[in-house]
Amino acid sequence: ATSIHQQFPDARYNVKRAISEGDLVLLHSNVVLVPGTKGAAVIDIFRFQGGRIAEHWDVIQNVPDTTASGNDMFSTLSSPRVSQPLDHRLTQANQALVTKAFDELMVHKDLTALDRYWDPGYLQHNPQMQSGVPAAKAGLGGYFASVPQLTVTPKRIIAEGDLVAVHSHYVNYPGDRGAAILDLFRVRNGKIVEHWDIIQSVPETSANGNGMF
């Protein structure tokens with residue numbers, strides 16, 4: 001931390017949204033080390049124990065200059081356009097819905113799950129994908145076809161109100177280190193209406209030896 005502060009004295013950690021469940025707190029942020037640059041999209045997950053942070057995971061992705069949908073990686077576009085989680089009484093139901101939807105779509109590669117659980121015009125913040133179910137079907141269908149041995153393993157799911165985050169390990173083929181991906185979904189009226197994600201390749205080595213998951 002000292003090294004970063006010395007090298008980038010004007011760095012800013014701009015938290016865009018936060019959710020918590022139990023002993024886990026998730027922050028979705030735009031980290032800009034050099035003013036005037038787009039910086040990186042970062043999701044940090046902290047686990048608390050005895051009133052102190054005991055464990056930390058993160059996923060980091062550079063923010064691109066343009067996106068396929070025209071939507072940036074941080075804004076809230078679905079109504080109401082607020083960043084904080086809403087409808088806390090529906091936390092359990094929304095978590096169950098996203099858990100089932102993610103399992104059917106990403107773990108079992110069933111594209112028809114998009115018709116059951118996603119709003120047809122859902123809003124996309126992944127830089128490489130257009131908004132809407134047809135674009136998701138085309139993009140994911142192509143991805144599944146290109147990596148038939150893909151395995152997706154959810155590691156932890158955090159929900160608060162209408163926001164549900166899934167932290168997963170994507171492995172394209174046996175022996176692949178894969179990628180750490182954090183998908184963040186917004187649920188309104190029983191449908192997924194908005195999606196943000198951050199993708200980071202799993203490095204060959206780790207300074208702490210603990211792995212990313």
Using the number of other C-beta atoms within 10 angstrom as an exposure proxy, rank Glu104, Glu194 with the fewest first.
Glu104, Glu194
Would you mind telling me which residue in Asp72, Asp110, Asp176 has the biggest mean-square fluctuation in a Gaussian network model of the chain, where springs connect alpha carbons within a distance under 10 angstrom?
Asp176
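With charges set only on the Cβ (+1 for Lys and Arg, -1 for Asp and Glu), what does the dipole of the chain come to about its Cα centre, in debye to the nearest 20? Each step should come with its number before you reach the end.
On the way: 18 positive and 21 negative charges, 45 e Å.
That gives the chain a dipole magnitude of about 220 debye.
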Per-selection Rg to Rh, the range 90-138 - Cα, Kirkwood hydrodynamic radius:
0.98
If you take semi-axes √(5λ) of the Cα gyration tensor in Å from the coordinates, which of [x] 26, 21, 19; [y] 41, 25, 17; [z] 36, 18, 16 do you get?
[x]
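Please order Ser69, Ser83, Ser168, Ser29 by the number of other Cβ within 10 Å, starting at the fewest. Numbers along the way, then the final one.
Values: Ser69 18, Ser83 13, Ser168 24, Ser29 21.
With the sparsest Cβ surroundings first, the list reads Ser83, Ser69, Ser29, Ser168.
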Please report the net charge: other residues with Cβ closer than 10 Å to the Cβ of Val32, K and R +1, D and E -1.
+1
Between Arg188 and residues 5 or more places away or on another chain, the pairs with built amide H atoms under 5 Å apart involve Val193
Checking the cross-link filter: which lysines have an alpha carbon closer than 22 Å to that of Lys100, excluding same-chain neighbours under 8 positions apart?
Lys109, Lys137, Lys155, Lys191
Computed [θ] at 222 nm, deg cm²/dmol, the chain (DSSP H ≥ 4; -39,500 (n - 2.57); rounded to nearest 500):
-5000 deg cm²/dmol
Pick from Gly121, Gly161, Gly175 the residue whose mean-square fluctuation is largest in a GNM of the chain, springs joining Cα atoms under 10 Å.
Gly175
Which of the listed residues, Gly132, Ser78, Ala41, is farthest toward the dipole's positive end in the range 32-153, when Lys, Arg count +1 and Asp, Glu count -1 at the beta-carbon?
Ser78
Exposure proxy check: Arg17, Arg186 ranked by fewest other beta carbons within 10 Å?
Arg17, Arg186
Cα centroid separation - the range 1-77 against the range 121-165, whole Å:
20 Å
Among Tyr170, Tyr117, Tyr143, whose mean-square fluctuation peaks in a Gaussian network model of the chain (Cα, cutoff 10 Å)?
Tyr143
Counting Lys and Arg as +1 and Asp and Glu as -1 over every other residue whose Cβ sits under 11 Å from the Cβ of Thr91, the net charge comes to -3
Residues other than Gly178 with Cβ under 14 Å of its Cβ, Lys/Arg counted +1 and Asp/Glu -1, net out at 0
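Quick note: the coordinates plus some simple rules give every number you see, no bench work behind them. Not measured: the values here are computed from a predicted model. Cβ coordinates were reconstructed from backbone atoms using ideal geometry, including for glycine residues, and neighbour counts include every protein chain displayed.
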